[in-house]
1. Could you tell me what fraction of 2.2 N^0.38 Å the Cα radius of gyration of the range 47-121 comes to, as a two-decimal ratio?
2. In Å and whole numbers, how far do the C-alpha atoms of the range 50-191 stretch along each principal axis, longest first?
3. Modelled label-to-label distance, ALA126 and LEU113, 7 Å Cα→beta-carbon offset: nm?
4. Between SER196 and LEU90, 0.36 nm times their residue separation minus their Cα-Cα distance comes to what?
5. What FRET efficiency do you get for PHE181 and ARG66 if R0 is 22 Å and r is their Cβ-Cβ distance, rounded to the nearest 0.05?
6. Suppose we take every Cα in the range 102-157 and form the convex hull; what volume per residue is that in Å³?
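Every number in this text was worked out from the coordinates using simple rules, so none of it is lab data. Quantities reported herein were computed from a predicted structural model and do not represent experimental measurements. Please note: Cβ atoms are built from the backbone with ideal geometry, for glycine as well, and neighbour counts cover all protein chains shown.
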Amino acid sequence: MFGNFGISGKLPNRRSSASTALGFSLIACRPVLRHDIRPMQTLNVGAGRSDQEYKAAEEQRLAELRGDVQTYAMYFFVAAGLAGLGTGLLPIRLFGFVNIGFIDLLRFYGGELVRANPLLLRAAAAAWVLALVGLGFAGRKGQRWAFWAGVILYAADMLPLIVMFSLWSFGIHGFFLFQWFKGQRALGELKASAVSREDLSHSAVSSS
């Protein structure tokens, strides 16, 4: 190409050079990495749906959240039954599977106190079960603090289970802890939805 340019003395075609420059500019503007691509921002997420359809979908979501709260609160009663089996409060006992860490520490390290008061362990187990049952009723009524109390109670009880090497009970505690954490999160979403609906109603009244 340089030879032809030198012999003929003609300038290169302007149209081809312009198309080449345009091609290079397109290549330069094209993103190389995936995270370089800017996400398309959508301004109306609920576009294409009427107000009635949007309200119906929102009501369905809230109903599902209420049902989830009832399900998560039911785990308090399941935990209470398993605690009764693990502590010997019930006639059948499942030792090593659903133990309560604080009661196991009292049983093994209570010493003379436990021997002098044989009903002490049963009283402690009964108090634990009754506390779980009370938290279950509070959770079913939509009390968010009940789920947080269950999370804190079983998270604290996991420490004695580690000391007592009760791995199965540790796993069961973790399962209940996770369910109750989801319960308080569902109640938080319900509360946030209620607040947003109140704000929308106030704004609608003020605009009218």
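1. Relative to the rule-of-thumb radius for its length, the range 47-121 sits at 2.02.
2. So the extents along the principal axes, rounded to whole Å, are 72, 24, 24.
3. Here the modelled spin labels are 1.9 nm apart.
4. That pair, SER196 and LEU90, stretches by 33.5 nm at full extension.
5. 0.80
6. 61
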